[in-house]
Amino acid sequence: MIKKDFRNMTLFCEQLPYTHLAEEFGTPLYVYSKSALTEAFENYQTAFAALNPLVCYAVKANGNLSIIKHFASLGSGFDIVSGGELARVLAAGGDAAKTIFSGVGKSEAEIEFALNAGVKCFNMESIPEIDRIQKVAARLGKVAPVSLRVNPDVDAKTHPYISTGLKANKFGIAYADALEAYRHASRQSHLKIVGIDCHIGSQLTDLSPLIEACERILALVDQLADEGIVLEHLDLGGGVGIVYQDENVPDLGAYAQSVQKLMGTRRLKLVLEPGRSLVGNAGSLLTRVEFVKHGEEKNFVMVDAAMNDLMRPALYDAYHHIEAIETKDIEPLTANIVGPICETGDFLGKDRTIACEEGDLLLIRSAGAYGSSMASNYNTRNRAAEVLVDGNECKLIRQRETVEQQMANELACL
């Protein structure tokens with residue numbers, strides 16, 4: 001939740017000025033609004049109320065323990081893609097019985113961990129994975145609850161790196177092969193088929209691919225029922241986009257009405273796996289200007305955040321709105337906003353018009369998803385601190401990393 005105080009033209013997160021947060025915690029700094037997190041989750045609950053869904057937060061979007069704990073307190077389930085993410089959910093007080101284990105390459109150790117923890121379901125994505133989960137469950141004397149992630153071959157019309165529902169993608173079981181895959185799973189002694197799953201991509205700004213995918217999956221549900229494979233839940237994944245620049249994002253109410261109409265009288269529990277749409281616009285990256293450099297062809301605003309803090313611009317050429325925390329009476333300039341990493345691809349914004357000078361604070365918006373969770377130590381940079389704001393109070397929810405911590409597990413051997 002970002003607002004501007006027009007008395008002094010300073011940006012606030014909820015009731016706290018960003019200048020205060022920078023003074024107390026330093027920069028670069030991830031700042032999250034608790035009320036924005038709550039509002040985003042409740043938007044799903046309200047829109048889909050008639051279907052009483054299980055909303056499973058996709059932990060990969062932002063795995064901070066305090067954020068997971070907050071969603072757990074709201075009744076959220078969780079979508080995970082690794083044993084490490086399951087460990088985070090459990091450490092934060094999340095319920096394993098409301099946790100879906102997705103991902104294309106689960107190891108035997110991860111499967112064993114999840115079975116012993118009692119996860120709600122494994123989303124299986126290949127025949128070899130079906131066989132592996134059967135093998136581990138048999139060894140443990142357990143029955144694994146499973147669903148199949150089916151690739152509906154629907155074009156999500158999003159960035160190719162985050163499109164997951166086409167024939168060429170690594171995710172899921174091909175639609176044409178899904179029926180036989182379910183038959184194979186049904187013959188396994190230590191698997192219990194409970195659902196079906198699909199996820200066609202991320203940052204979707206059009207409802208039509210989501211509806212088309214739902215239609216195709218429900219047709220398969222009916223085929224399975226005819227063969228005696230009756231499912232308990234329908235998992236439509238996540239992928240609903242957010243506004244980074246000027247996108248028209250899907251209306252959750254319209255989406256819910258369409259899904260309800262398509263489901264009809266089928267007795268299926270609806271599961272949703274939103275990630276970006278729960279945390280993306282609830283977080284921002286606060287950074288300080290180091291220098292303003294006037295080049296021969298380009299101007300550069302050099303800041304203390306970098307591609308290791310926010311990979312999305314370098315990885316996807318993604319847009320994040322950037323603005324000065326305080327409005328100053330100085331001439332704006334058009335510049336690339338860049339970090340100190342030794343890569344030409346280390347940019348946070350290109351050709352932005354902004355009025356700032358050395359020492360000023362800038363705010364990079366919509367950085368709550370795939371920001372801190374994708375951060376690295378490239379150039380031996382410490383990962384940024386993270387703060388959660390609640391009204392006029394704030395809590396440090398991740399300490400700033402130190403170089404000593406980075407090197408703690410390394411050995412200088414000859």
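The values are calculated or read from the model by the stated rules, or taken from the named source; none is laboratory data. Since we're looking at a predicted model, the values are computed, not measured. Please note: Cβ atoms are built from the backbone with ideal geometry, for glycine as well, and neighbour counts cover all protein chains shown. Note: areas computed on protein heavy atoms with side chains; ligands, DNA, RNA excluded. Shrake-Rupley method; radii C 1.70, N 1.55, O 1.52, S 1.80 Å.
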Task: Flag if residue 135 is more than 18 Å from residue 194 (Cβ to Cβ), open to solvent by 40 Å² or more (accessible area, probe 1.4 Å) and either at pLDDT below 95 or not in a strand (DSSP E or B) (or both) - done: yes
- [ ] For the stretch 10-75, please list each of the strands (runs of 3 or more DSSP E) lying entirely inside it that holds at least 1 residues being under 21 Å from residue 374 (Cα atoms) and either in contact (Cβ under 8 Å) with a residue 40 or more places away in the chain or open to solvent by less than 30 Å² (accessible area, probe 1.4 Å) (or both).
- [x] 29-33, 54-58
Task: the stretch 218-242, subset under 23 Å from the mean Cα position of the chain (by Cα), hydrophobic (A, V, I, L, M, F, W, C) and within 21 Å of residue 268 (Cα to Cα), residue surrounded by the most Cβ atoms within 10 Å (Cβ to Cβ) - done: 234
- [ ] Taking only the stretch 72-122 into account, find how many residues are among the hydroxyl-bearing types (Ser, Thr, Tyr) and closer than 16 Å to residue 238 by Cβ.
- [x] 3
Open item on the list: Please go through (1) surrounded by fewer than 16 Cβ atoms within 10 Å (Cβ to Cβ); (2) under 20 Å from residue 52 (Cα atoms) for residue 245 and return the number of the only condition it doesn't satisfy.
Closed with: (2)
Task: Matching residues in the stretch 392-413 - criterion: being outside any loop (DSSP other than H, G, I, E, B) and within 16 Å of residue 375 (Cα to Cα) - done: 397, 398, 403, 405, 406
Open item on the list: Just checking, does the stretch 319-342 include any residue being over 24 Å from the mean Cα position of the chain (by Cα), modelled with pLDDT of 95 or more, of a type in the set (Val, Ile, Thr) and open to solvent by 30 Å² or more (accessible area, probe 1.4 Å)?
Closed with: yes
Open item on the list: Suppose we filter 382, 336 for residues that are under 22 Å from residue 245 (Cα atoms) and of a type in the set (S, T, N, Q); which single one remains?
Closed with: 336
Task: Residue tally, condition over 30 Å from residue 226 (Cα atoms), open to solvent by less than 50 Å² (accessible area, probe 1.4 Å) and in contact with a Lys or Arg (Cβ under 9 Å, 6 or more places away or on another chain), over the stretch 263-282 - done: 2
- [ ] Report, by residue number, each residue of the stretch 291-317 that is surrounded by fewer than 17 Cβ atoms within 10 Å (Cβ to Cβ) and closer than 21 Å to residue 372 by Cβ.
- [x] 315, 316, 317
Open item on the list: Based on this model, can you work out whether residue 351 counts as of a type in the set (D, E, K, R), out of contact with any Asp or Glu (no Cβ under 9 Å at 6 or more places or on another chain), surrounded by fewer than 14 Cβ atoms within 10 Å (Cβ to Cβ) and on the phi > 0 side of the Ramachandran plot?
Closed with: yes
